[in-house]
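The values are calculated or read from the model by the stated rules, or taken from the named source; none is laboratory data. None of these values were measured; they are calculated from a predicted model. Cβ: placed from backbone, ideal geometry, glycine included. Neighbour counts: every protein chain shown.
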Amino acid sequence: MLEKIQIINQRFDEINDLIIQPDIISDQQRYTKLMKEYKDLKLIVDKGAVYKEALENSAEAEEIIADGSDAEMVEMAKMQLDEAKEAIEKLEGEIRFMLIPKDPDDAKNVVVEVRAGTGGDEASIFAGDLYRMYSKYCSDKGWRVDVVSTSDGTSGGFKEIIFEVSGEDVYGTLKFEAGVHRVQRVPQTETQGRVHTSAATVMVLPEAEEFDYELDMTEVRIERTTSTGPGGQSVNTTYSAIKLHHEPTGMIVSCQDQKSSHKNLEKALKVLRSRLYDLELAKQQAADSAKRKSMVSSGDRSAKIRTYNYSQGRVTDHRIGLTLYDLSNIINGDIQKIIDELMLAENTELLKADDDLI
C-alpha cells in the first residue's frame, strides 16, 4: 500500500510542477486534463498522509509496549495501538477504492435521451415521469438541465425527450440510469382498474467535446425547417429548426428548442457528436474484458434494469437485487440511495477484477 501511495505522490508532485508551466497553461485542453488529475490525486495524497500517520502511531505504540518499563505508558500505548489498528484497516479499504482507475468520462456532462417503449400512451406518461424525476434530482444536486428536443405524447408525457445535464461528475453519477425502466400501475386511461406494465428506455451519453470526437461535416446533411408545435410567430415562421442527417450511420438529430437557428444547430451537433462518441466507447468496452463482465454501468441497453411498482410502493433495481419501498420519494427525484448502491457494486466488482489492488 505504501509503495502505491509513493507512486501517487511522485505523480502528484510532477503534475504540481507541470500546471505552473506557461506552455501547459496556454494549452487549455491539456491544462484542464492535468487539473482534473491533480484534484483526483490530491484526495489520495491527503488520505495517504493520514494513513502514514496511523502507521507511525501504531509503530510508536508497539515500541512503548515492547519496552514495558512504564506501566502507565504501556496502558496508554495499548489504547493507542487499538485505535491505530482500527484506523489503518478503515483507511486501507478507503484507499483501495480510491486507487481503482477512474473512467475518464465520469467528469463529463451528459446528454440524456428518454423514449417511451411498450405501453402506448401510458409509456409516454411514464417517460414524462422519468424526465421529472431526473430534473428534480439534478436540481437538488445543483446541476443545470437544458432541453434539446421533445416529442409530446398524445395523452401527456413524451414519446421522446432529449436533454443536457451540466455539472460536476455528471456522467459518473447518471451513467447507472441507462437501460429499460419498467412501470407497473393502473394507467390514467384505464377504465377497468387493471394494472398495466409499460416501459421507457433511458440513454445516458457522455457529452463529447470537439477534441473527443472529430465530426466530419462533409458526412452531415443539415436540414433547416420551421418549428412545429406551440409557439409565437417568430418560432413557427422562421427556418430555425434543425435536423441533422449523419449519412454513414443513418442517425438523425433534431432540435427546435431555441429561436435561433445557430443555437439549435449547436445543440444538435452536440447530441450527434455525443452519440457517435458513445458508439466508439461501446466498441472499446466490448473489447475490454473487465468492463464486459460488469453489468452495472455497461450492461445491455435493452435489458430491464428497474421496476417501479405503484400498487406496492416498490422500486426494484434488478442489477443488484435492491428493493426499496419508497416509490413516492424516488419518483420525485430521491434516487441518490439507489445510485450509491450501484456505485458501491461497481467499485467492488472493479476491485475484484484488478488483482493489483487486492
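Observations on the structure shown:
- Whichever residue in segment 162-176 is under 12 Å from Val112 (Cβ atoms) and over 8 Å from the mean Cα position of the chain (by Cα) and, among such residues, is surrounded by the fewest Cβ atoms within 10 Å (Cβ to Cβ): Ser166
- Residue identified as surrounded by fewer than 22 Cβ atoms within 10 Å (Cβ to Cβ) and touching a Lys or Arg at 6+ places or on another chain (Cβ under 7 Å) among Ser151, Ser155, Ser135, Ser139: Ser151
- Answer residue from segment 56-71, given it is surrounded by fewer than 18 Cβ atoms within 10 Å (Cβ to Cβ) and not small (Gly, Ala, Ser) and is farthest from the chain's Cα centre (by Cα) among those: Asp70
- Segment 164-214: number of residues that are over 19 Å from Tyr131 (Cα atoms) and assigned to a loop (DSSP other than H, G, I, E, B): 17
- Answer from Lys175, Lys159 - the residue that is basic (Lys, Arg), over 17 Å from Ile331 (Cα atoms) and in contact (Cβ under 8 Å) with a residue 60 or more places away in the chain: Lys175
- In segment 325-358, the qualifying residues are those that are touching a Gly at 6+ places or on another chain (Cβ under 9 Å) and modelled with pLDDT of 95 or more, and the one that is surrounded by the most Cβ atoms within 10 Å (Cβ to Cβ) is Leu327.
- Only one of Ser298, Ser227, Ser234, Ser289 that is at pLDDT below 70 and in the same structural domain as Asn332 (by TED's automatic domain parsing): Ser298
- Qualifying strands (runs of 3 or more DSSP E) (wholly inside segment 303-345; at least 3 residues being closer than 20 Å to Pro187 by Cα and assigned by TED's automatic domain parsing to the domain that holds Gly117): 304-309, 314-317
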